[in-house]
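The values are calculated or read from the model by the stated rules, or taken from the named source; none is laboratory data. Bear in mind that the values here come from a model prediction, so they are computed numbers and not experimental data. In this analysis, Cβ positions are derived from the backbone assuming ideal geometry, glycine residues included, and neighbour counts consider all displayed protein chains. These area figures cover heavy atoms from the full protein model, side chains too; ligands, DNA and RNA do not enter into them. Shrake-Rupley method; radii C 1.70, N 1.55, O 1.52, S 1.80 Å.
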Amino acid sequence: MRSELEASLVAKNGLLDRRLFMKGGLLAGSIAVFAKPGRVDDTSTEAAINYEAPVFDVQSASQSIGAFLPDSMKTPGAIFRGYGKPAGAESSVQRIILQPYGDLAPGAGIAMTPLQSLEGTITPNGLHFERSHNGRPTINPDEHEFLIHGLVQQPLKFSMDILSRYPLISRNYFIECAGNSFFNSNLFSEATQVSVGMIHGLVSGAEWTGIPLSILLDEAGLLPEGKWILAEGADSAGMSRSIPLGKAMDDAIIAIYQNGEMLRPEQGYPMRLLLPGFEGNMSVKWLRRIKVTSNPTYTKDETSKYSDLMPDGMARQFTYTMGVKSTITRPAGGLVMNGPGLYEISGLAWSGSGKIIKVEVSADGGTTWAAAALDGEPLTRALTRFRIPWKWDGLPTLLQSRATDEAGNTQLRRDVWSAQYAEGQLYHCNAIQTWSIARNGEVTNVFI
Amino acid sequence: MSLFKNFRLPVFFIGFIFSGVALGGELQGPKLGVPVEAGTLSGWDISIGPDGRGLPDGEGDSRSGFTVFTERCLRCHGQRGAGGLGLADPLVGGIGSLATDEPLKTVGSYWPYATTIFDYIRRAMPYDAPASLTNSEVYAVTAYILAQNGIIGEVDAINAVTLPMVRMPNRDGFVMFWPEEDRK
């Protein structure tokens, strides 16, 4: 087995050919598993080794099989419930909440997706990240109105009932906050030790269903002077952003459903704008108004915020597209290795510029790289899951992933990314994430 | 609430749904938007761009703004808007710092348009009671912030005419990054 594994090495420090995990491969039964988030704990392993099976004779006339079956097979199960919940044992899987203004504005802040606890590419609705600027409003859908006005032939209002009669489309897209990964940005000179969800969990993926915005803008009748739109939310921050008309007419959606159910309040119930691949902030939640304008409105969140200061004192403005990005989510901050052996490295990649075409993984701090397998057909501006087998020899090492999109964009090393921007720049951090694996299995965030 | 409470699906619409092409450009809607008169929308249209169109009546200066600031803003933004509670942004100072090793982004040093101050305060501040300041109070506290930054004088009135004329120090400090094809 040793020699076969060595023959399958595709990069240094144990990265292996993906085919090892396929049917008929040599790894059946030998795959190590990641421990649950938390401390290294060997007691359960010892208990399993020392376990002695009871002697039994299920054929005996005086024997009931109950002695040999788990409790779940001997008592009636729980009754039906109207809306399902995760298993009780998973109750620790929660969004990670940061409230920078404390009690003053408890609804201003973020709730991040716990990426270390999730698999696949669809984020459960209850764990989709939330960035709210002054709390989550409660909106009565029967009273909610949506207005299109400005440089149009005919201003129009729409109720939710009216919108329910429009044609819908469903698409799988990620949404990423422009401030995602700020722990790795120029706000910090040293790496912070938090989970992968806390670093990168301002990104989530979902199937969004809604009305193409172009249909509604066409109905109002665009005037030739109209070049931009101003989108405004019905929250107490009155969130507003300017959006180029080209994007609004291309792939913008008025989203009403999220993974098959009506939007969660955190994601803009009863309707939100969805701009695939753009800064999440622009996909205005609780959408109440679109005004067609000739120029940008220069709102607070496209001038003082969501603009990118460079070392020369100039700031980039309207940097809408989220850059190509990836992170390994297992093993990653918040998880602990379960001893040397064979693992499947798993992670997420995405790009605001289109499809992911390649994700490479390094187990030696970026000296050698191996192509990971992309799980399923990568979709435009959606999360892509990547995987690669890895035999950890138990020695300290550095794990990285590097994504490339169909436009040819590739992630940069953090030091290279950082040098582009001024001190304190936090937006659009899409630098390569490095995870350090220690001899004791602890996974930490490091800057390279 | 049911989205389909009053659902009356016309026959042509069923045929349309199942034509199957799911691209906005090839779909068309049933045209059910309710027409409204453009002149009746002043209560809806609260956004103010750099041209100042839509700015309301009223005015204020730094002296009247000091009163509003002290009562409604100081708690978080600190004395003279220099920064205070937690992560509440400093509003004053930092002019000339952007190209240094310690850039300080404030309203005075960073924001390109004064109209943005009015728009944002009026819709979103203070956090515990958004949209509660009168238009004149918003003008006044805008004037106070501008004056603390040395951009206008203590007695300069800010109103619908004067606000769009204020030239912010960092007006030319931004590089447009959109459209992407133009930036290369």
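Some notes on this structure:
- Looking across A:THR404, A:THR397, A:THR368, A:THR380, one residue alone is in contact with an Asp or Glu (Cβ under 9 Å, 6 or more places away or on another chain) and closer than 23 Å to A:SER8 by Cα. It is A:THR397.
- One residue stands out in the stretch A:130-163 among those that are among the polar types (S, T, N, Q) and in contact (Cβ under 8 Å) with a residue 12 or more places away in the chain: the one that is surrounded by the fewest Cβ atoms within 10 Å (Cβ to Cβ), namely A:THR138.
- Whichever residue in the stretch A:140-184 is closer than 30 Å to A:SER326 by Cα and at the interface with another protein chain (Cβ under 8 Å from one of its Cβ atoms) and, among such residues, is farthest from the chain's Cα centre (by Cα): A:ILE169
- Every residue from the stretch B:82-101 that is at pLDDT 95 or above and within 7 Å of another protein chain (Cβ to nearest Cβ): B:LEU98, B:ALA99
- Scan of the stretch A:335-391 for residues that are open to solvent by 10 Å² or more (accessible area, probe 1.4 Å), part of a loop (DSSP other than H, G, I, E, B), out of contact with any Leu (no Cβ under 9 Å at 6 or more places or on another chain) and not hydrophobic (A, V, I, L, M, F, W, C), ordered by number: A:ASN338, A:GLY339, A:SER353, A:THR367, A:GLY376, A:GLU377, A:PRO378, A:THR380, A:ARG381
- In the stretch B:94-119, the residues that are over 29 Å from B:LEU55 (Cα atoms) reach residues that are of a type in the set (Asp, Glu) with C-beta atoms within less than 8 angstrom, at least six apart or across chains, in these pairs: B:ALA99/A:ASP312; B:ASP101/A:GLU423; B:GLU102/A:GLU423; B:PRO103/A:GLU423.
- The residue that is surrounded by the most Cβ atoms within 10 Å (Cβ to Cβ), counting only those in the stretch B:119-144 that are within 8 Å of another protein chain (Cβ to nearest Cβ) and modelled with pLDDT of 95 or more, is B:ASP119.
- Residue list for the stretch B:34-49, filter: in a loop (DSSP other than H, G, I, E, B) and open to solvent by 70 Å² or more (accessible area, probe 1.4 Å): B:GLU37, B:SER42
- Failed item in (1) closer than 22 Å to A:LEU115 by Cα; (2) touching a helix residue (DSSP H, G or I) at 6+ places or on another chain (Cβ under 7 Å), with A:ASN172 passing the rest: (2)
- From the options B:VAL155, B:VAL161, B:VAL166, B:VAL138, residue that is closer than 30 Å to A:ARG136 by Cα and of a type in the set (A, V, I, L, M, F, W, C): B:VAL138
- Qualifying positions in the stretch B:119-144 - over 15 Å from the mean Cα position of the chain (by Cα) and within 16 Å of B:VAL107 (Cα to Cα): B:ALA140, B:ALA143, B:TYR144
- A:GLU225 touching a residue at least 12 places away in the same chain (Cβ under 8 Å), more than 11 Å from every other protein chain (Cβ to nearest Cβ) and farther than 28 Å from A:THR121 by Cβ: yes
- Only one of the numbered conditions (1) modelled with pLDDT of 95 or more; (2) in a loop (DSSP other than H, G, I, E, B); (3) within 11 Å of chain A (Cβ to nearest Cβ) is not met by B:THR116, and that is (2).
A quick yes/no check of all residues on (1) at the interface with another protein chain (Cβ under 7 Å from one of its Cβ atoms); (2) more than 20 Å from B:THR142 (Cβ to Cβ); (3) at pLDDT 90 or above:
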position	(1), (2), (3)
B:ILE17	yes, yes, no
B:VAL21	no, yes, no
B:PRO30	yes, yes, yes
B:VAL34	yes, yes, yes
B:GLU37	no, yes, yes
B:GLY43	no, yes, yes
B:GLY49	yes, no, yes
B:LEU55	no, no, yes
B:GLU59	no, no, yes
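- Selected residue (only one of A:THR329, A:THR319 is assigned to a loop (DSSP other than H, G, I, E, B) and in contact with a strand residue (DSSP E or B) (Cβ under 8 Å, 6 or more places away or on another chain)): A:THR319
- The lone criterion from (1) in contact with a helix residue (DSSP H, G or I) (Cβ under 8 Å, 6 or more places away or on another chain); (2) closer than 15 Å to A:PHE278 by Cβ; (3) open to solvent by 20 Å² or more (accessible area, probe 1.4 Å) left unmet by A:GLY246 is number (1).
- The residues of the stretch B:145-184 include none that are open to solvent by less than 20 Å² (accessible area, probe 1.4 Å) and either on the phi > 0 side of the Ramachandran plot or aromatic (Phe, Trp, Tyr) (or both).
- Residue satisfying all of: in the stretch A:173-220; of a type in the set (Gly, Ala, Ser) and assigned to a loop (DSSP other than H, G, I, E, B); nearest to A:ARG381 (Cα to Cα) among these: A:ALA178
- Just so you know, in the stretch A:314-334 the residues that are of a type in the set (Gly, Ala, Ser) and open to solvent by less than 10 Å² (accessible area, probe 1.4 Å) include one that is farthest from the other protein chains (Cβ to nearest Cβ), and it is A:ALA332.
- Hey, B:ASP45 out of contact with any Cys (no Cβ under 8 Å at 6 or more places or on another chain) and closer than 30 Å to A:LYS157 by Cα or not: yes
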